[in-house]
Each structure stands twice: as C-alpha cells, then as structure tokens.
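Chemist: My structure is below; once you've seen it, I'll send some questions.
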Amino acid sequence: MISLPAFRLMRPATLGEAARLAAEPDARVIAGGTGLLPNLRLGIGAPRTLVSLEALEDLRELQIADSGIRIGSCVTLDRISKQEQLPAALREAARSVAAPGHRSAATLGGNLCLDTRCVYYNQSEHWRRSNNYCLKHGGDTCHVAPQGKKCRAAYCGDLAPVLLVLGAEVETTARVTPIENLYSDDGAKYLQLAPGEIVSAVRIPAPRGRSGYAKARGRGAIDYPLAGVAMALELRCGRIEHLRVALTGTNSRPFVLSGTDAFIGAKPDEAALAKLVQKQAGPVRTTVTAADYRRQAAAILARRLLGRLSKGELS
C-alpha cells in the first residue's frame, strides 16, 4: 500500500452543507472509512476533498416502532448487530461483516455504498499499471470480459440483500426510493446517486414472518462474500405465504430473485429454490475462486436457509 493522497477534510455541521460539498469535483463522502481508505491507499482514486459525516448526529439515530424501523446511515454495524429488536437477518448480516474492530467503525450507509470488487481492480497501483489498468479504473478493457463494454466487478455488501427482502426504502438528500433503485448492473457505475446525493437513512416496514442471511467466504472473518443470500419467509399451515430471496457477491448489483411467487401456496421446496438461484446468479472470474463454485455456493446457501427458516431455527 502507498501513503494516502493529499486531501482537504471537511466536517460539515448540516446534511445540506455536506451535500453541497460532496457535489464539488473530486469530492468523496466518508463515514467509517473502512472501505474507502484501503482503496485510497491502493491508489484507487485521489479525491481533493473528503466530506466527513461524523458531526451529523441525526444520521446516528435508530428508531423502532410497531409501524416500522428507521436507521440513520451512520449507525454502526456493531450497533445493528446487537439490537435485538431488529430483524434477525439484518443483525446476522451486520455481525458477519469483517472483524469487530471494523464493525465498530463501519456504518450502514457505507456498507450500502460499498465499492464493487474485482481481482483486477483491488490491487496495488504498480500491479494495476503493469496490467494496463481496467475498465473500472484508468483503463478501457474489462479483463474479466474483454469483449464486453461493461465492468463486471461484483457488489459485495452484506446488508443490501437483507434490506431488499425486507422491502426497505432509502432516504437520500434528494429523495425517498425503494432500495433496489440505488443500484445499477454495472460494476463501474453501480450506484444510482446524483452528484452530491448522500444516503441519510433506511426505512424498513414492519417485518413479515422470519428472515435470515448466510454467506460463503474464504475465511471466517474479514473476507467479503463470495456469495451471500438473504431470505424473508412467512408460512401459514406449513405452506409458503410470502417468500423473497436476494443475492449479493455474485453480480454487479444486489438483486431480488425473480420467480419466487411460484412457491406461494406450496410447501417449502429447497431443491427447486436452489435450481432457481443457480439460473439467476451470475458470477464471473472477479475473484480467485471459481465462478461456478460461487454459483453452487449461492444455491446451497439458499437451500439451507429455506430449510432452517421453515423449521423455525431462525427467528
């Protein structure tokens, strides 16, 4: 790693001021910095200005009511993981991120806006330069898919798939929108945020039934998901009344699995769900782990998660 580039650190007192500063050329927003700072030390980006959100107390509010939940974007993952009134899947996803030291600084908003990852991108400046860079940063070719015109770097945030299955909305300085509208299926332009638009909170409706999250990774801590599965399930008399499944780590955006409406009214079918996941998961060689392994891992995670939720092993 190299030294951090020179930058101007701004600590705005209001969210409006933060948005104005973030709209300036070559400005980046920083909260916990657990994702941004390592990239800067790798030479990935050299912003002139870092806009810190640490003085914005409103962004650290966590409100829980019968009608729903609102979590500020600067609430830490450690706090989310320990809040028993939150859905089980959200707590598990937060608990699964990196190590305790990271979670004490990392924030909800930072995890949602986590940069996409690729073995050709998350390397030192010297390594990337020797390979003529890549389409995502500094080059004109995606080394994963050289014939294509789109970056295939994978989105690896853990909380986004959970919020997708819970039907969450995102508050920004410009709008309130379903969380799926935050993402684009392009590893280089994965966030659908306008210049200066900052994620300020997440709204979650009153949870239905049970929920869970599971992921596969190379090591039990620190590593990003090779594949992650979130699920919300509601049963009535042993048959599925509500089922939503979302994936992370396999595609350039987190996404809700299509076709799960076909399971409504039927008994849980773990094998059928695994096949559906295999068809829609789209990993490519963005990691040193084989793409087919990641596809199979996503299917197995979904199969096991449906079984555990159906049996009431997860709340």
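Chemist: Let me spell out the model: positive unit charges on the Cβ of Lys and Arg, negative unit charges on the Cβ of Asp and Glu, origin at the Cα centre of segment 115-188. What dipole size does that give, in debye rounded to 20? Provide the component values of the computation, followed by the final result.
Modeler: Numbers: 8 positive and 9 negative charges, 83 e Å.
In total the dipole reaches around 400 debye.
Chemist: Stretched out fully, how many nm does the piece from residue 206 to residue 258 gain, at 0.36 nm a residue minus the Cα gap? Each step should come with its number before you reach the end.
Modeler: Values: separation 52, 0.36 × 52 = 18.72 nm, distance 2.25 nm.
Going from the current span to full extension adds 16.5 nm.
Chemist: Let me spell out the model: positive unit charges on the Cβ of Lys and Arg, negative unit charges on the Cβ of Asp and Glu, origin at the Cα centre of segment 183-275. What dipole size does that give, in debye rounded to 20?
Modeler: Numbers: 13 positive and 9 negative charges, 54 e Å.
Using Cβ point charges on Lys, Arg, Asp and Glu, segment 183-275 gives about 260 debye.
Chemist: Across the chain, what fraction of all alpha-carbon pairs, as a whole percent, falls in each successive 10 Å bin from zero upward?
Modeler: For the chain, the binned pair fractions read 6, 27, 35, 23, 8, 1, 0 percent.
Chemist: Once the Cα atoms of helix 291-310 and of the chain are each reduced to a long axis, what angle between those two axes, in degrees from 0 to 90 to the nearest 10, is obtained?
Modeler: Computed tilt is about 50 degrees.
Chemist: Same structure, new question: Which net charge results for the neighbourhood of residue 38, defined as the other residues with beta-carbon distances under 15 angstrom from its beta-carbon, given Lys and Arg at +1 and Asp and Glu at -1? Show your work: numbers first, answer last.
Modeler: Working: positive: 28, 41, 117, 128; negative: 115, 125, 223.
Here the charged neighbours net out to +1.
Chemist: Residue 191's amide H: which non-local residues (gap 5+, or another chain) put their own amide H closer than 5 Å, with H modeled 1.01 Å from N in plane and none for Pro or chain starts?
Modeler: Answer set, sorted by chain and number: 184.
Chemist: In addition: Roughly how many Å² is the accessible area per residue of the chain, as a whole number, for a 1.4 Å probe?
Modeler: Details: 14400 Å² over 315 residues.
On a per-residue basis, 46 Å².
Chemist: Another question, then. Taking K and R as +1 and D and E as -1, what net charge do the other residues with C-beta under 9 Å from the C-beta of residue 214 add up to?
Modeler: On the way: positive: 215, 304, 308; negative: 92.
After counting each charged neighbour, the total is +2.
Chemist: Once you put a point 7 Å from the Cα of residue 6 and another 7 Å from the Cα of residue 308, both along the Cβ direction, what distance in nm separates them?
Modeler: Label at residue 6, label at residue 308, 5.1 nm between them.
Chemist: Another question, if that's okay. Expressed as a rounded percentage, what relative contact order does the chain have, with Cα pairs under 8 Å and six or more residues apart?
Modeler: Numbers: 721 pairs, mean separation 50.7, N = 315.
Averaging sequence separation for qualifying contacts and normalising by length gives 16 percent for the chain.
Chemist: Tally Lys/Arg at +1 and Asp/Glu at -1 over every other residue whose Cβ is under 14 Å from the Cβ of residue 310; what's the total? Write down the numbers at each step before the final one.
Modeler: Numbers: positive: 210, 236, 239, 267, 303, 304, 308, 311; negative: 234, 241, 269, 270, 313.
Charge balance near residue 310 sits at +3.
Chemist: What part of the accessible area of the chain, given as a whole %, is carbon or sulfur when the probe is 1.4 angstrom? Write out the running numbers ahead of the final one.
Modeler: Details: 6980 of 14400 Å².
Carbon with sulfur: 48 percent of the solvent-accessible area.
Chemist: Just subtract the alpha-carbon distance of residue 54 and residue 219 from 0.36 nm times their residue separation and send over the number in nm, one decimal.
Modeler: Working: separation 165, 0.36 × 165 = 59.40 nm, distance 3.09 nm.
The span from residue 54 to residue 219 would gain 56.3 nm if fully extended.
Chemist: Which pairs, out of 149/279; 149/275; 189/275; 215/279; 82/275; 136/275, put more than 27 Å between their alpha-carbon atoms? Mind showing how you got there, number by number?
Modeler: Numbers: 149/279 23 Å; 149/275 29 Å; 189/275 30 Å; 215/279 18 Å; 82/275 34 Å; 136/275 31 Å.
Listed pairs above 27 Å: 149/275; 189/275; 82/275; 136/275.
Chemist: What ³J(HN,Hα) values, in whole Hz, does the Karplus curve 6.51 cos²θ - 1.76 cosθ + 1.60 give for segment 238-248 when θ = phi - 60°, with x put for Gly and Pro?
Modeler: For segment 238-248, the Karplus curve yields x, 10, 6, 9, 8, 8, 10, 10, 9, 10, 9 Hz.
Chemist: Next question, about the same structure. In debye, nearest 20, what is the charge dipole magnitude of the chain about its Cα centre with +1 on Lys and Arg Cβ and -1 on Asp and Glu Cβ, if you could check? Before the final figure, lay out the partial values.
Modeler: Working: 42 positive and 29 negative charges, 188 e Å.
Dipole about the Cα centre, nearest 20: 900 debye.
Chemist: Let me ask you something else. What number do you get for segment 219-259 when its Cα radius of gyration is normalised by 2.2 N^0.38 Å, N = residues? Provide the component values of the computation, followed by the final result.
Modeler: Details: Rg = 13.5 Å, N = 41, 2.2 N^0.38 = 9.0 Å.
In units of the 2.2 N^0.38 Å rule of thumb, it is 1.49.
Chemist: Tell me which of 89, 104, 42 sits at the most positive position along the dipole axis of segment 39-104, charges placed on C-beta atoms (Lys, Arg +1; Asp, Glu -1).
Modeler: With unit charges placed on the Cβ atoms, the residue in question is 42.
Chemist: Can you run the Rg to Rh ratio on segment 1-135? Use alpha carbon positions and the Kirkwood inverse-distance Rh.
Modeler: Numbers: Rg = 16.7 Å, Rh = 16.4 Å.
A ratio of 1.02.
Chemist: Rounding to the nearest 10 and keeping the result within 0 to 90°, find how far the Cα-based axis of helix 270-280 lies from the longest principal axis of the chain.
Modeler: That works out to roughly 30 degrees.
The values are calculated or read from the model by the stated rules, or taken from the named source; none is laboratory data. It should be emphasised that the depicted structure is a prediction, and the values quoted were computed from it without experimental measurement. Methodologically, a virtual Cβ is constructed for each residue, glycine included, from the backbone with ideal geometry; neighbour enumeration extends over all protein chains shown. Side chains are part of the model used for accessible areas, which takes the heavy atoms of the whole protein and leaves out ligands, DNA and RNA. Shrake-Rupley method; radii C 1.70, N 1.55, O 1.52, S 1.80 Å.
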